[in-house]
Amino acid sequence: MEWWLLWGTLLIIGSGGLIACFYRILCFPFRTRSGRLVLVTRNNQGTIEWIIRSFFFWRRMSGKPEDLVCLDAGSLDDTGPILLRLKRRYPGMKVCFYPDEVPEKALKLHTDCARQDTDVWDLRDDARSQSS
């Protein structure tokens with residue numbers, strides 16, 4: 001057997017393994033077991049667009065349904081206009097605005113409505129840690 005054939009085969013197998021590892025690492029943040037993701041946000045203009053675009057990208061790549069609900073808890077920055085712009089781009093996204101705080105009743109409505117497979121990401125702590 002020729003050595004170049006052996007090395008070529010090992011190279012191809014090794015590259016496939018590396019690609020599989022990178023795929024697992026890169027898609028890990030958006031590997032949700034659920035069908036719906038609820039984001040509770042306040043003053044997250046620096047991160048919210050990346051999170052939403054990545055969510056929809058990985059859901060489309062995996063062929064899963066796109067169901068995202070954003071609950072804005074009275075943002076004072078550009079989070080609201082960013083959410084409205086992204087809502088026009090992604091039809092599977094729902095946006096609700098609340099003036100001060102997201103009421104527990106509203107959060108329960110979006111997490112319980114006939115679905116037990118809902119993930120809730122509370123991004124409000126991110127804004128508090130940035131301001132202090």
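Just so you know, all these numbers are worked out from the coordinates, no wet-lab data involved. Note that the structure is predicted; figures quoted are calculated from it, not measured. Glycine also receives a Cβ, built like all others from the backbone with ideal geometry; neighbour counts cover every protein chain displayed.
The packing ranking of peptides 48-60, 81-93, highest mean first, is 48-60, 81-93, where packing means the average number of other beta carbon atoms within 10 angstrom of each residue.
Ordering GLU101, GLU2 by the number of other Cβ atoms within 10 Å of each residue's own Cβ, fewest first, gives GLU2, GLU101.
Each of PHE97, PHE22 has some number of other Cβ atoms within 10 Å of its Cβ, and from fewest to most they run PHE22, PHE97.
Using a 10 Å cut-off around each Cβ, can you sort THR9, THR118 from fewest to most neighbouring Cβ atoms? Each step should come with its number before you reach the end.
On the way: THR9 11, THR118 17.
Lowest count first: THR9, THR118.
Remark: the LYS64-THR9 segment gains 16.4 nm on full extension, using 0.36 nm per residue and subtracting the alpha carbon distance.
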